[in-house]
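The values are calculated or read from the model by the stated rules, or taken from the named source; none is laboratory data. Just so we're clear, the structure is a prediction, and the values are computed from it rather than from any experiment. Heads up, the Cβs are rebuilt from the backbone with ideal geometry, glycines too, and the neighbour counts pull from every protein chain shown. For the accessible areas, the whole protein counts, side chains as well, though only heavy atoms, and no ligand, DNA or RNA atoms are used. Shrake-Rupley method; radii C 1.70, N 1.55, O 1.52, S 1.80 Å.
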Amino acid sequence: VKAVALDPRNDFSVEQALIKKDVQNLVQLSVTRLLDTTNPSLSTIKMQVFFDMNYASRAELLSEQHRALEGKLAPAVRDITDSHPHIQELQSIYQKIISYVLLSSGLGSPTDIEVIREVTAGLQSVFPQREMITFISLSKKNKEQQLKNLAKLVTGIRLYNKECGKGGSSIDDLPAILKESIPSATQNIDERLNACHRVAYQYTALLESTQEDPHRYARLSSFKLKEALFHVRQYEAFLCILLSDAITSAQEVEKMNVQFAATMEQLKNTVQSKVSIDTKEVFPLFIVLSNLWSGFQDEMLLLSFLANMTNNLQQFSEIHSQLFPEEMLTSLLEGVTVKSDEERIGETMGTRVNVSDFKNREWLFPETTDDFDQLLIQYHGFCAHAIGVKGLTLPGNPAIGILKHKERCYVFSSKEAAYTFAQDPDKFIQLNIEKAKEHAELILLLELYHQFEYFAPFEQARNAGKRWIKPTTQCDSCTQTDIHLLPPTIVTSYEWNEWELRRKAIKLANLRRKLTQAVQTHLSHMRRENSTQVYLPKDTSTQTKRHNSSNVPRPQVFLQGLRGGSSPATRMVKVDLTRPVDEN
């Protein structure tokens, strides 16, 4: 509906309210365009909506996958962490921990007895059942953290056992699978991209030839050919995004393969060289193995997503074979020179804009501009002159010179196009906007959201953060002004308060009656200060010739006859054994 309303050929005014007749006309035109299955413009818009609604970046896709996995495991986690079992119920909680570890790792089927045995053995080696009493005494947050650590440890142990040939038969060899799948997926996207390039070059050559000799191709509709070219260029842009993601995935897998092999080798050396193994040495290595394996699983998910997106986009390109069969294109291209984008750029590599020919224009060149390759070029890198004038999407050559106009950068396909555009940039920018109104698919292809802010796909309007188009480059800036440009003229002695003035006046009046007086006598006149010094007494000490001491004798008494004898009566005799003082 927005595309029909924007088209100037339909005579709708966006700024005015529509009457009933205009609404009926708008509905009729919209239905007519929706039913026109032979129009490439409709197919292009469908493809743009599909890509905007279904494509997600690496970070978004992985974040959504991890969030979904946590949602699936949440009931199992709650059963373990929220329960306060008795001693008799610890066995059932331990079985639930085994199930959680198996489900969170994603290694093997949960119904395979051999897999359950491997997980149980790995868990018992790092978390025996006797530690369940300590586990249930932890807080809910600590329980969840320990569950995650146990899952990673058991996963690392199973991966190590698989490497040593002691199990892990149900674990897929993800590095080997990725090694075969990624080149295949990249080649698939690359082949479709090459076919897309070939068709785009042919359409561009046909459009250029029809503009030079319109009578030669009277039976060919130029309007449909332009829309077909825009469709191919949009398909090419989407394939480039998918190919970039596939290349990034291949680079990440290559890094993880190196890290996985190095960690496994380090773990083997640590385990095999020692009789007793310190858990502080091997546990971190098991966790690293688990994290790397999770990375392999993420790359498998990304690869499957890219393959599905590539296959689903293919359905939108079938319209070309219906409108322009191969035999028809071959006959039309007789006597026409088909040039690729690289050949067009190569023809203009020796030309460059002369800056002295323009007074009020800013031109950017590789040798005079920092981060020249990182500049955000308008119109998706296409020639800013050819879009509005010729209706063609010709590749721009930055080596000719990049025109910076109103903080936006523009490239051109030739020196002549650059000179023409630079004479009146606003005029040609408006022509491009009018061309985008006629062909609504150009708004997304040429990234014209700053001119059509109200014309955005549904998903982008709902979630501003999800954009496959690069946003406008922004930077933080600040300004500062001088605090005092002129010398200060503030009278510090000024007082607006009348009572403050009265207080100062009273203070000055009192000071006039205050006199400072000093008296000096003849005895103190010219007297100098004297000082005296004494010798302090020195410390002395005395000592006796010898040390002596004395002690009193210790009293001792012996009692005899207390045990009795032959006589029935007891006769006790007391004997004093204390030595005299003289003997001491």
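Could you list, in sequence order, the residues of region 411-432 that are closer than 13 Å to Leu364 by Cβ and in a helix (DSSP H, G or I)?
Those that are closer than 13 Å to Leu364 by Cβ and in a helix (DSSP H, G or I): Ala418, Ala422.
Only one of (1) open to solvent by less than 70 Å² (accessible area, probe 1.4 Å); (2) more than 30 Å from Ser105 (Cβ to Cβ); (3) of a type in the set (D, E, K, R) fails for Asp298. Which number is that?
(2)
Six or more apart or on different chains, Cβ under 6 Å: which pairs go from a residue in region 12-32 that's closer than 11 Å to Lys2 by Cα to one that's open to solvent by less than 50 Å² (accessible area, probe 1.4 Å) and β-branched (Val, Ile, Thr)? Could you list them?
Qualifying pairs under 6 Å: Ser30/Val4.
Residues that are open to solvent by 50 Å² or more (accessible area, probe 1.4 Å) and more than 30 Å from Thr310 (Cα to Cα): find the helices (runs of 4 or more DSSP H) completely inside region 28-146 holding 3 or more of those.
Filter on region 28-146 gives 58-81, 90-105, 113-126.
Just give me the residues in region 349-362 being loosely packed, with under 10 Cβ neighbours inside 10 Å and either within 17 Å of Cys409 (Cα to Cα) or among the small types (Gly, Ala, Ser) (or both), in sequence order.
Selection gives Gly350, Ser356, Asn360.
Being surrounded by 13 or more Cβ atoms within 10 Å (Cβ to Cβ), among the aromatic types (Phe, Trp, Tyr), in contact with a Phe, Trp or Tyr (Cβ under 8 Å, 6 or more places away or on another chain) and over 20 Å from Ala200 (Cα atoms) is the requirement here; does Phe365 meet it?
So Phe365 fits the description; yes.
One line per residue, one yes/no per condition, for (1) more than 38 Å from the chain's Cα centre (by Cα); (2) within 30 Å of Lys406 (Cβ to Cβ); (3) in the same structural domain as His231 (by the TED database); (4) at pLDDT 90 or above:
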position: Ser273; (1), (2), (3), (4): yes, no, yes, no
position: Glu281; (1), (2), (3), (4): no, no, yes, no
position: Phe296; (1), (2), (3), (4): no, no, yes, yes
position: Ser321; (1), (2), (3), (4): yes, no, yes, no
position: Glu327; (1), (2), (3), (4): yes, no, yes, no
position: Met349; (1), (2), (3), (4): no, yes, no, no
position: Phe365; (1), (2), (3), (4): no, yes, no, no
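State the number of residues belonging to region 152-179 that are assigned to a helix (DSSP H, G or I), over 24 Å from Glu252 (Cα atoms) and open to solvent by less than 10 Å² (accessible area, probe 1.4 Å).
The qualifying residues number 1.
List the strands (runs of 3 or more DSSP E) inside region 307-410, counting only whole elements, that have at least 1 residues being under 30 Å from Glu438 (Cβ atoms).
Here the list reads 402-405, 408-410.
Please state which of the following conditions Asn354 fails to meet, knowing it meets all the rest: (1) in the same structural domain as His231 (by the TED database); (2) without any contact (Cβ under 8 Å) to a residue 12 or more places away in the chain; (3) polar (S, T, N, Q); (4) more than 28 Å from Cys240 (Cα to Cα).
The failed condition is (1).
Suppose we keep only residues that are in contact with a helix residue (DSSP H, G or I) (Cβ under 8 Å, 6 or more places away or on another chain) and open to solvent by 70 Å² or more (accessible area, probe 1.4 Å) within region 249-278. Which one would you say is nearest to Leu303 (Cα to Cα)?
Only one residue tops the list, namely Gln259.
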